[in-house]
Amino acid sequence: MHAHRLWLAVLALLWCSACQPEPQPTVIRIGFVAPFEGRYREIGTDVITAARIATRDWAAWADPTLPRFEITAYDDLGDPELAVEQARKIAADPAVAVVIGHWRDETTQAALPLYEDLPVVTFSPLEMDHALNLSAAQGDLLSAQGAWALEHNPAVVVGDRGSAVGNLDGLREAADLLPGSTIVMGPGAGLAQFRALAATETLPTESVVFVTSGALPADRAGWDTDFARRFEEAFREASLGAAPGLMAAAAYEATWVAMHTALEAEGIDMPETIVPVALPSFDRSGRWHMAPIYLYTWQNGQPHLVEQYR
């Protein structure tokens, strides 16, 4: 009888232990800031979709005991004042481990000082303190503009003016200055709204070549054909049919950099075998060393690669 009771007790213990819930992995929060509404919403749509694909890929490929990542999105409308307001919210949230944003030069410059205690991954040609920056520097982009213009005279170089309206003014002035010439512009000429605004005034977007550190997935340095195709398929599915733009691949890489940074802060090594693309190496200023530079033009309403400058 005693042995029978002991056996029942053992069975009960085994049953109870089997019913214990599996330990849940730690969740690390990423604060993701971009313009999701308003004039610059095309940027936000491009980058947040790519970022979510990156965290989904991590969850699918990483060991289940490793942390998972949660993206909390903050909309700054592309406005510097709202960017500061959103940055204050993020900085006050102890659950946020790393920030990605703000995807426009003005908003990034305005918000960055508020992230003193947080690692930040950004994408801007301007100089940014205490941030990991995936864009080529402004001087390097200008050098690429000048070099291409020298090789393809007659050409007019127009520096990036920070907004679609400003860049439209630059295009108008260049077209008046030297009609029929190639107009070599900065990254802002890669926005679909720039092309659309130029089309309403019948300005010669077909004569525009623009430099950028962003690229379409099929053109992205270090992305093989199969991976670029899979990424584009995943992007179209997640965005209900929209194609990735010039910022999507950079946002995907930026999210992997952010996840790597957050894991490092926890003393966890990111397994190299699951990282789908080579992560950038950064110089002492935090900028991607020799970040790629591309030259694109507009063809049939779509960006078309002219060449990779470096």
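In region 199-232, what residues are assigned to a helix (DSSP H, G or I), out of contact with any Leu (no Cβ under 9 Å at 6 or more places or on another chain) and modelled with pLDDT of 95 or more?
Within region 199-232, P217, T225, D226, F227, R229, R230, F231 qualify.
Can you pull out the residues in region 113-128 that are without any contact (Cβ under 8 Å) to a residue 40 or more places away in the chain, under 18 Å from the mean Cα position of the chain (by Cα) and more than 21 Å from A51 (Cα to Cα)?
L126
Return a yes/no flag: does region 104-112 have any residue that is closer than 22 Å to W298 by Cα, touching a residue at least 60 places away in the same chain (Cβ under 8 Å), outside the structural domain of E206 (by TED's automatic domain parsing) and not small (G, A, S).
So in region 104-112, the residues closer than 22 Å to W298 by Cα come out as 104.
Within this subset, residues satisfying the condition of being touching a residue at least 60 places away in the same chain (Cβ under 8 Å) are 104.
After this cut, where a residue has to be outside the structural domain of E206 (by TED's automatic domain parsing) as well, the list is 104.
Next cut, not small (G, A, S) only: 104.
Yes, because at least one residue in region 104-112 is closer than 22 Å to W298 by Cα, touching a residue at least 60 places away in the same chain (Cβ under 8 Å), outside the structural domain of E206 (by TED's automatic domain parsing) and not small (G, A, S).
Can you spot a residue in region 4-25 that is acidic (D, E) and either at pLDDT 95 or above or farther than 30 Å from P276 by Cα (or both)? Walk me through how you get there before you give the answer.
Taking region 4-25 as the starting set, the residues that turn out to be acidic (D, E) are 22.
Checking the rest, the ones that are also either at pLDDT 95 or above or farther than 30 Å from P276 by Cα (or both) come to none.
For region 4-25, residues acidic (D, E) and either at pLDDT 95 or above or farther than 30 Å from P276 by Cα (or both): absent.
Just checking, which of A131, A199 is surrounded by fewer than 21 Cβ atoms within 10 Å (Cβ to Cβ) and among the hydrophobic types (A, V, I, L, M, F, W, C)? If you could, list the steps in order and put the result at the bottom.
Numbers: A131 fails: surrounded by fewer than 21 Cβ atoms within 10 Å (Cβ to Cβ).
When all the criteria are applied, what remains is A199.
Which of the residues that make up region 120-152 are in a loop (DSSP other than H, G, I, E, B) and closer than 20 Å to Y296 by Cβ?
Applying the first criterion (in a loop (DSSP other than H, G, I, E, B)) to region 120-152 yields 123-131, 134-137, 152.
Answer for region 120-152, where residues must be in a loop (DSSP other than H, G, I, E, B) and closer than 20 Å to Y296 by Cβ: F123, S124, P125, L134, S135, A136, A137, H152.
When you go through V165, V156 one by one, which is the residue that is farther than 22 Å from E106 by Cβ and without any contact (Cβ under 8 Å) to a residue 40 or more places away in the chain? Break it down into steps so the answer makes sense when it comes.
Numbers: V165 fails: farther than 22 Å from E106 by Cβ.
The unique qualifying residue is V156.
Which one of these is touching a His at 6+ places or on another chain (Cβ under 9 Å) and surrounded by 15 or more Cβ atoms within 10 Å (Cβ to Cβ): Y309, Y296? Break it down stepwise before answering.
Values: Y309 fails: touching a His at 6+ places or on another chain (Cβ under 9 Å).
The match here is Y296.
For V275, which of the numbered conditions (1) under 18 Å from the mean Cα position of the chain (by Cα); (2) more than 23 Å from P64 (Cβ to Cβ) fails to hold?
(2)
Tell me which residues, restricted to region 87-116, are assigned to a loop (DSSP other than H, G, I, E, B) and within 19 Å of T255 (Cα to Cα).
Selection gives A95, G101, H102, W103, R104.
The values are calculated or read from the model by the stated rules, or taken from the named source; none is laboratory data. Being a predicted model, the structure only gives us computed values, none of them experimental. No Cβ is skipped: glycine too gets one built from the backbone with ideal geometry, and neighbour counts run over all protein chains shown.
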